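Presented below is the structure to which this report refers.
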Amino acid sequence: MQSGKLNNRITVKKTTSVPDEFGGWQNTADYSVSYWANVKQLSGEISQENGKRSLELQVQITMRKKSADGIDIGDVITVSTDTAEYRINSKFDSVERFSTDLIATKID
């Protein structure tokens, strides 16, 4: 993986479940970590469900494998050039390129 292609800064937010005062559970941000990555938009599909239209935006994030080892499916990320949050749906490690590809969907 060429380091010049890692031109976007992403921030990964780890969440944990903590008990609330009513006997339930609430997700809270535990900590945030920043990495360098390459971010590409894959698709932007407009869907309609129950009369509500929404944009389902998917991005592919390529980063170094060693950096991505601490990232799990379901973590929330933000890209420095965008204010939107994305949830990680899949993760693929490439052994020969020493990189990891993450597929994430924009959270409404």
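The values are calculated or read from the model by the stated rules, or taken from the named source; none is laboratory data. None of these values were measured; they are calculated from a predicted model. As a convention, Cβ positions derive from the backbone with ideal geometry for all residues, glycine included, and neighbour counts pool all protein chains shown. Each accessible area value is taken on the protein alone, full model and side chains, heavy atoms only, with ligands, DNA and RNA left out. Shrake-Rupley method; radii C 1.70, N 1.55, O 1.52, S 1.80 Å.
How much of the accessible area of segment 30-101, probe 1.4 Å, is carbon plus sulfur, in whole percent?
Summing carbon and sulfur atoms, their accessible area is 46 percent of the total for segment 30-101.
Leaving out same-chain residues fewer than 8 places away, which aspartates and glutamates sit with a Cα under 13 Å from that of Lys65?
Asp93, Glu96, Asp101
Which entries in the list Lys40/Lys106; Lys13/Lys52; Lys14/Lys91; Lys66/Lys106 go over 22 Å, if you measure between the two C-alpha atoms of each?
Lys13/Lys52; Lys66/Lys106
Sort 13-24, 45-56, 60-71, 88-99 by packing, meaning the average of other beta carbons within 10 Å per residue, with the highest value first.
Output ranking for 13-24, 45-56, 60-71, 88-99: 60-71, 88-99, 13-24, 45-56.
Suppose every K and R has +1 on its Cβ and every D and E has -1 on its Cβ; what is the size of the dipole of segment 1-104 about the Cα centre, in Debye to the nearest 20?
The calculation lands at about 480 debye.
Between Asp69 and Lys13, 0.36 nm times their residue separation minus their Cα-Cα distance comes to what?
Computed gain between Asp69 and Lys13 is 18.7 nm.
Can you check what the net charge comes to around Val76, using other residues whose Cβ is under 9 Å from the Cβ of Val76 (Lys, Arg +1; Asp, Glu -1)?
+1
Shape verdict for the chain, please, from the Cα gyration tensor: rounded (a/c under 1.5), prolate (a/b greater than b/c) or oblate. Mind showing how you got there, number by number?
Values: a/c = 2.16, a/b = 1.25, b/c = 1.72.
Oblate shape, in that a/c is at least 1.5 and b/c is the bigger or equal ratio.
Run the simple label-point estimate for Gln26 and Gln58 please: 7 Å along Cα→C-beta, distance reported in nm.
That separation, rounded to one decimal, is 3.4 nm.
How far is it, in nm, from the label point at Asn89 to the one at Ser3 when both lie 7 Å from their Cα along the line to the Cβ?
Each label point lies 7 Å from its Cα, and together they span 3.3 nm.
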